[in-house]
């Protein structure tokens, strides 16, 4: 869906809004008709390969452009698992964007393909989502992935089997860049 220039523009935007918040400066939003599409977006931040923030929209409430801006700020400064990002951390940051595909209701757990699918569970007592790359990064099989998405939702591991559970799969276009690659723009006159 996105070409390399569009991916780079969105990564640069995510970096620029975080930089602007930290340094009270302005940033430029890229113009591309594709960025007006409404898609689910997650912004994931890492420092030294360790998670530093991850927040997103499951479905397309807003345009890709607006979602990247909002979720970059949220991942950097509002993820309740972490303190707000400090200026001294910016240089070590890696920014990963996940542009989500449509949610597909799972009829049979055999439909789940590790590496292709992320999972989202809706249950009367909680909901949770894990991006496709999580299962791959942790080396999980299908059952472990199901158990972990239940746990993420604050549910028992067996909740995926409940008749009240709805499990969805989705694909994502995932791309990243580190601050060193993205900061060159800030340093130029």
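The values are calculated or read from the model by the stated rules, or taken from the named source; none is laboratory data. Model, not experiment: these values are computed from the prediction. Neighbour counts run over all protein chains shown; Cβ positions are idealised from the backbone, glycine included.
Odds and ends about this structure:
- Segment 18-31, subset more than 15 Å from residue 6 (Cα to Cα) and touching a helix residue (DSSP H, G or I) at 6+ places or on another chain (Cβ under 8 Å), residue surrounded by the fewest Cβ atoms within 10 Å (Cβ to Cβ): 26
- For segment 141-158, the condition of being touching a residue at least 40 places away in the same chain (Cβ under 8 Å) and buried (at least 19 other Cβ atoms within 10 Å of the Cβ) holds for none of the residues.
- Whether a residue is free of Cβ contacts under 8 Å to residues at least 40 places away in the same chain and either part of a helix (DSSP H, G or I) or in contact with a strand residue (DSSP E or B) (Cβ under 9 Å, 6 or more places away or on another chain) (or both) was assessed, and residue 115 does not pass this test.
- Only one of 164, 92 that is surrounded by fewer than 17 Cβ atoms within 10 Å (Cβ to Cβ), in contact with a strand residue (DSSP E or B) (Cβ under 8 Å, 6 or more places away or on another chain) and over 23 Å from residue 50 (Cα atoms): 164
- Set side by side, the residues 45, 34 differ, and just one is modelled with pLDDT of 95 or more and buried (at least 16 other Cβ atoms within 10 Å of the Cβ), which is 45.
- The single condition among (1) in contact with a helix residue (DSSP H, G or I) (Cβ under 9 Å, 6 or more places away or on another chain); (2) under 17 Å from residue 15 (Cβ atoms); (3) assigned to a helix (DSSP H, G or I) that residue 110 does not meet is (2).
- Listing of helices (runs of 4 or more DSSP H) fully contained in segment 137-189 that carry 3 or more residues being more than 30 Å from residue 29 (Cα to Cα): 142-152
- The single residue among 60, 53 that is in the same structural domain as residue 178 (by TED's automatic domain parsing), under 20 Å from residue 103 (Cβ atoms) and either free of Cβ contacts under 8 Å to residues at least 40 places away in the same chain or surrounded by 14 or more Cβ atoms within 10 Å (Cβ to Cβ) (or both) turns out to be 60.
- Pairs, first within 18 Å of residue 26 (Cα to Cα) in segment 70-96, second assigned to a strand (DSSP E or B), C-beta under 6 Å, six or more apart: 71/41; 71/43; 71/55; 71/56; 72/43; 74/55; 76/53
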